[in-house]
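Let me begin by presenting the structure, written as structure tokens, before commenting on it.
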């Protein structure tokens, strides 16, 4: 699939305020390209979950939000990257209810359900990159 990316914003993430900023930045861009209602909430929630994981587990990273085009579709792409400890068992981490912290364990799996596409790459001791997209219908 040929994909072109335009208009992108990088949001550093290191504290709770940055989680709010990343969520709002993604929501604003999604609204600008025509997402409405529930889709805006889904996008903002997915970004918030992933950004919170950066703060809790990696202490700092960044979220890049951009407009994406694939074939005749337009949407939003979110790339979260950190240089944290990495995830030793991605399959386990993606299970509902699994958490190495004090959370409900719904962040990664929840974000995956909220978005149309979700990919995770992680190397222990190197960091994690999550790429997720939502396409306008």
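Computed values, structure above
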{"read-out": "Selection count where residues are in contact (Cβ under 8 Å) with a residue 40 or more places away in the chain, under 20 Å from residue 67 (Cα atoms) and out of contact with any strand residue (DSSP E or B) (no Cβ under 7 Å at 6 or more places or on another chain), scope region 9-30", "value": "0"}
{"read-out": "Residue ranges of helices (runs of 4 or more DSSP H) in region 27-137 with at least 3 members at pLDDT 95 or above", "value": "37-53"}
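The values are calculated or read from the model by the stated rules, or taken from the named source; none is laboratory data. Small disclaimer: the values here were computed from a predicted structure and weren't measured. Please note: Cβ atoms are built from the backbone with ideal geometry, for glycine as well, and neighbour counts cover all protein chains shown.
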